[in-house]
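The values are calculated or read from the model by the stated rules, or taken from the named source; none is laboratory data. Computed from a predicted model, the values in this text were never measured in an experiment. Don't worry about glycine lacking a Cβ; one is built from the backbone with ideal geometry, like all the others, and counts go over all protein chains shown.
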Amino acid sequence: MLTSELPFLNDPEGADLPSGLPRVIDAHVHIFPDKIFSAVRNWFDAHAWKIRYQEKSADVIAFLLDHGVSRVVALQYAHKPGIARSLNQYMSDTCQAFQGRVLGMATVFPGEKEGVAILEQAFDEGLAGVKLHAHVQCFDMNQPEMTPLYRVCARENKPMILHVGREPKSDHYLCDPYEICRADKLEKVLKAYPTLKICVPHLGFDEIDPYRALIEKYDNLWLDTAMVLTDYFPQGNRVGLETYRMDRIMYGSDFPNIPYAWDRELLWLRNSSLSREDLEQVLYKSAETFFDLTL
């Protein structure tokens, strides 16, 4: 549960990847145009935690690349109808500026007019898939307005990142994530679109066990680790990745919207009991498969 009482951590940060790690693809990095980024940070300051990294989008990406991350997957979301085209153009321009080291995801507001055309244009301009955030956009995965979005992504072989886990929720969202976000709702989508690749961030927090079961059952589902390996949330969210199907787990930082050092989760992974093979899978191989990447 998001509250303004969550702490800001001034833990030390490294100047490079923690020693001993293989290469890293960060599959969960947020960028926005300046005005929207400022609004996002103000919302977090008021209702969640103080965001530690306040850089503009280009500097956010440069920071990670300069600190040793091999490739960045950049995410965004349209919080209202009518802005997705401009956000997608911003994302496309940003990707071009970094010459292949940034993989950009498109956005669309579920149910908005010409949603399919918006995504088709974004894909034509080189964006790699779509990111949607149910907590912000207040969509139900099983509502009819989602059907054309699933269909176009399946047809174009473009993956979807769906923030449809119930946490972290907030009373300041316009909808209740516990009403619209459930693992059984996602399972209906996985069944209906077996060729559509879907990633749920944060390991599906807080439905950890149901989502762990779903990746065993469905080859078209991945999970990312963002913020769930850091012992940050008061619920006690330490998860033993050793029990997971490793080829369906991707590392993601949630950078820059974090209240602690950028490498906190990487240090946890480095110090875990995961084998070298498992670390390679989590830190870059799963992302290569999900996004159809070659480095």
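Within segment 258-269, being closer than 17 Å to His67 by Cβ and not hydroxyl-bearing (Ser, Thr, Tyr) holds for Ile258, Ala261, Trp262, Asp263, Arg264, Glu265, Leu266, Leu267, Trp268, Leu269.
The residue pairs whose first member lies in segment 244-263 and is at negative phi, whose second member is among the small types (Gly, Ala, Ser) and assigned to a helix (DSSP H, G or I), and whose beta carbons are closer than 7 Å, counting only pairs six or more residues apart or on different chains, are Asp247/Ser286; Arg248/Ser286; Ile249/Ser286; Met250/Ser286; Met250/Ala287. If you go through segment 161-171 one residue at a time, do you hit one that is outside any loop (DSSP other than H, G, I, E, B), surrounded by 21 or more Cβ atoms within 10 Å (Cβ to Cβ) and not aliphatic (A, V, I, L, M)? Yes, segment 161-171 contains at least one residue that is outside any loop (DSSP other than H, G, I, E, B), surrounded by 21 or more Cβ atoms within 10 Å (Cβ to Cβ) and not aliphatic (A, V, I, L, M). The residue pairs whose first member lies in segment 77-99 and is at positive phi, whose second member is surrounded by fewer than 17 Cβ atoms within 10 Å (Cβ to Cβ) and at pLDDT below 95, and whose beta carbons are closer than 6 Å, counting only pairs six or more residues apart or on different chains, do not exist in this structure. Scanning segment 66-75 for residues that are within 20 Å of Asp93 (Cβ to Cβ) and buried (at least 24 other Cβ atoms within 10 Å of the Cβ) returns Val72, Val73, Ala74, Leu75.
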